[in-house]
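Just below is one structure, and these are the notes that go with it.
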Amino acid sequence: MLRGRTNGCTLERILPLRHLCTNRADVNLSQVIFFTNRMSGTPKEEVVAKFLDASSRGNEAEVTSLLSAVPSLLEQTDSRGWTALMLAARSGHTAVVQTLLRHGCDRSRVNSSGQTASDVAKFWGHQHVSVLLGEEDGDGVGLENYFGAEPLDRLSAKRTDAAWLEDRKKHPGSVFLLFSDLSPMLHHDQQHLCRLGYEAIKDLLEKPDSLLVFLGVEKRRSSTTGSERALEELPAWFAISSGEDGAALLARCLHGERKCSFASSPHRDLLNLSDEDAGVLAPARALLAWHRRYAFCSTCGSATVSEEGGHKRRCCKQQCPSNRGVHNTCYPRTDPVVIMLVVHPGGNQCLLGRKSVFPAGMFSCLAGFVEPGETLEAAARREVCEESGVRVGAVRYVSCQPWPMPSQLMIGCHCVAVTTDISVDRSEIEEARWFPRQEVMEALLGGESRQSGLILPPKQTIAHQLLRHWISKAANL
Ligand code: ZN
Ligand code: MG
């Protein structure tokens, strides 16, 4: 990277193009750059390097003047795919980040390691910058975990209003997401759920093996115009599951148009969605999976029927005890799982384990279901001890992630170990090891550690985020 002086830097060093701009000594930078642009269409490499360098050093004045001369610099990258925004975020330069955002910089771009500018800021512990970069979701809070976005207002009070739901169902603006065997219909870009209108699915609704779930309405503040909308203007979203096979559904609803298909592997295909669509998919898939497994009453064995927009199942036998009072057998379930990043008492290593089904080289955080009558802390300590033999002291909650495969809530914690000897329970995991911070950092940044070949789970998993969170707290690295 060019590390030239900022003011008084010679034009020759920035742009070796004297032949284009005559021999006039007083030619200014923007004129030179203008010529450069006309010749090549894109800014010269040297200008890009200067711009990126200014961003990473936090020189806001230089960033501004270069941008006003060459607006197309905004989205230029270095050889590793880093934009000016990422470089400024890496060093916590708030003023430069604000300037770049004001110029309309795309904050969702990723570098060749798959990180956004917000990821970079979090990684290096610049909370103020990550908050700035996270403001696009409207709440001023950056999204932490995949599947965790809440793009819809669940509007739970309307679930018991059958007339309102019936009216919304037939509304031309309503959105329907179609599922076959718990797989959603996806656009060919694989990043979006296929949105169907009432006309496309109305025949399907008549079939006895179809099930409709009300997911909510779009939020009052329009994400496109920013204006507040009245309740009746808000498009309602539904999920439908059908007993028909995928090919028949594609033919029925898309009339042979080949723009959509059903996800074939949930664990692979459902991790490529946009954050918003992942946030819609999580409740939709978890609810549909619950309906599929709870067709019969767990109290008396009679058939059950869906009620309240798909958020309740009622037993068909009137005298059934489940129909008197409130029972958790009637409502969708969420299963709590604790997932732990265990830090060595020395602070510089963490405990990771691998299951035999993991790809070669991959290790992840230990995890397990919370048992009845157990606190999160007790569950975390018990699971770590059972799986690795390591004893844990302090347990601290970090963040959580809905995981709709089928309906877990992954509760992410950081734990501090009080013992270090490992003794693995072979029935649960194949191997557990202490990994130095440096190896974890290499694996996070480059996809794999050069020293140990360590591979970590992808960024869509809370295990990845727990590791990132731990690394980001050491700003000296
Ligand atoms: Zn019953
Ligand atoms: Mg376990």
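The values are calculated or read from the model by the stated rules, or taken from the named source; none is laboratory data. The structure displayed is predicted, hence computed values, not measured ones. Cβ: placed from backbone, ideal geometry, glycine included. Neighbour counts: every protein chain shown.
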For this session: Identify the single condition in (1) in contact (Cβ under 8 Å) with a residue 60 or more places away in the chain; (2) away from ligand 2 (no atom under 16 Å from the Cβ); (3) over 23 Å from PRO345 (Cβ atoms) that GLU428 does not satisfy, given that it satisfies every other one.
Result: (2)
Problem set entry | Close pairs from the stretch 295-310: first farther than 21 Å from THR160 by Cα and within 11 Å of ligand 1 (Cβ to nearest atom), partner of a type outside the set (S, T, N, Q) and part of a helix (DSSP H, G or I), Cβ under 7 Å, at least 6 apart | THR299/PRO321
For this session: Go through the residues of the stretch 358-365 one by one and say whether even a single one is within 11 Å of ligand 2 (Cβ to nearest atom), at pLDDT 95 or above and either assigned to a strand (DSSP E or B) or touching a Pro at 6+ places or on another chain (Cβ under 9 Å) (or both).
Result: no
For this session: Return the pairs, sorted by first residue and then second, in which the second residue is of a type in the set (A, V, I, L, M, F, W, C) and at pLDDT below 95, the first residue lies in the stretch 335-348 and is within 13 Å of VAL440 (Cα to Cα) and surrounded by 15 or more Cβ atoms within 10 Å (Cβ to Cβ), the beta carbons are less than 7 Å apart, and the residues are 6+ apart or on different chains.
Result: LEU341/LEU466; LEU341/LEU467; LEU341/TRP470; VAL343/TRP470
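Of these, ARG268, ARG285, ARG313, ARG292, which one is basic (Lys, Arg), more than 16 Å from ligand 2 (Cβ to nearest atom), assigned to a helix (DSSP H, G or I) and buried (at least 19 other Cβ atoms within 10 Å of the Cβ)? It would help to see each step written out before you state the result.
On the way: ARG268 fails: buried (at least 19 other Cβ atoms within 10 Å of the Cβ); ARG313 fails: assigned to a helix (DSSP H, G or I); ARG292 fails: buried (at least 19 other Cβ atoms within 10 Å of the Cβ).
Checking each option against the conditions leaves just ARG285.
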Problem set entry | From LEU186, LEU178, LEU212, LEU182, residue being farther than 20 Å from PHE147 by Cα and assigned by TED's automatic domain parsing to the domain that holds LEU273 | LEU212
Problem set entry | Cβ-Cβ under 9 Å pairs, at least 6 apart or on other chains, the stretch 40-66 side under 15 Å from TRP82 (Cβ atoms), far side of a type in the set (Asp, Glu) and part of a loop (DSSP other than H, G, I, E, B) | VAL48/ASP78; ALA49/ASP78; LEU52/ASP78
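Just give me the residues in the stretch 366-384 being surrounded by 14 or more Cβ atoms within 10 Å (Cβ to Cβ) and within 14 Å of ligand 2 (Cβ to nearest atom), in sequence order. Don't jump to the end; show me each part of the working.
Filtering the stretch 366-384 down to residues surrounded by 14 or more Cβ atoms within 10 Å (Cβ to Cβ) leaves 366-368, 370, 374, 376-384.
Scanning the stretch 366-384 gives LEU366, ALA367, GLY368, VAL370, GLU374, ALA378, ALA379, ALA380, ARG381, ARG382, GLU383, VAL384.
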Problem set entry | Residue among GLY142, GLY173, GLY197 that alone is at pLDDT below 90 and farther than 15 Å from VAL280 by Cβ | GLY142
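Every residue in the stretch 339-357 that is within 16 Å of ligand 2 (Cβ to nearest atom) and among the aliphatic types (A, V, I, L, M), please. Show your work before the answer.
If we filter the stretch 339-357 for residues that are within 16 Å of ligand 2 (Cβ to nearest atom), which is where we start, we get 339-342, 351-357.
The answer is ILE339, MET340, LEU341, VAL342, LEU351, LEU352, VAL357.
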Seminar exercise, completed: Filtering the stretch 61-73 down to residues that are within 13 Å of THR99 (Cβ to Cβ) and crowded, with 19+ Cβ neighbours inside 10 Å yields GLU62, VAL63, LEU66, LEU67, LEU73
Seminar exercise, completed: The number of residues in the stretch 164-201 that are of a type outside the set (Lys, Arg) and assigned to a loop (DSSP other than H, G, I, E, B) is 13
Seminar exercise, completed: Note: among GLY353, GLY393, GLY412, GLY368, just one is part of a strand (DSSP E or B), more than 16 Å from ligand 1 (Cβ to nearest atom), over 27 Å from PHE147 (Cα atoms) and at pLDDT 95 or above, namely GLY393
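Kindly indicate whether any position in the stretch 317-329 is assigned to a loop (DSSP other than H, G, I, E, B), over 20 Å from ALA263 (Cα atoms), out of contact with any Asp or Glu (no Cβ under 6 Å at 6 or more places or on another chain) and among the β-branched types (Val, Ile, Thr). Give the derivation first.
So the first thing to find is which residues in the stretch 317-329 are assigned to a loop (DSSP other than H, G, I, E, B), and the list is 317-320, 324-329.
Those still in the list that are over 20 Å from ALA263 (Cα atoms) too: 317-320, 324-329.
Applying the additional criterion that residues be out of contact with any Asp or Glu (no Cβ under 6 Å at 6 or more places or on another chain) yields 317-320, 324-329.
Keeping just the survivors that are among the β-branched types (Val, Ile, Thr) gives 326, 329.
Yes, some residue in the stretch 317-329 is assigned to a loop (DSSP other than H, G, I, E, B), over 20 Å from ALA263 (Cα atoms), out of contact with any Asp or Glu (no Cβ under 6 Å at 6 or more places or on another chain) and among the β-branched types (Val, Ile, Thr).
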Exercise. Can you name the residue in the stretch 311-328 that is out of contact with any strand residue (DSSP E or B) (no Cβ under 7 Å at 6 or more places or on another chain) and of a type in the set (S, T, N, Q) and, of all such residues, is farthest from ligand 1 (Cβ to nearest atom)?
Worked result: ASN328
Problem set entry | Leading residue by the ranking (modelled with the highest pLDDT) among those in the stretch 328-338 that are out of contact with any helix residue (DSSP H, G or I) (no Cβ under 8 Å at 6 or more places or on another chain) and away from ligand 2 (no atom under 16 Å from the Cβ) | TYR331
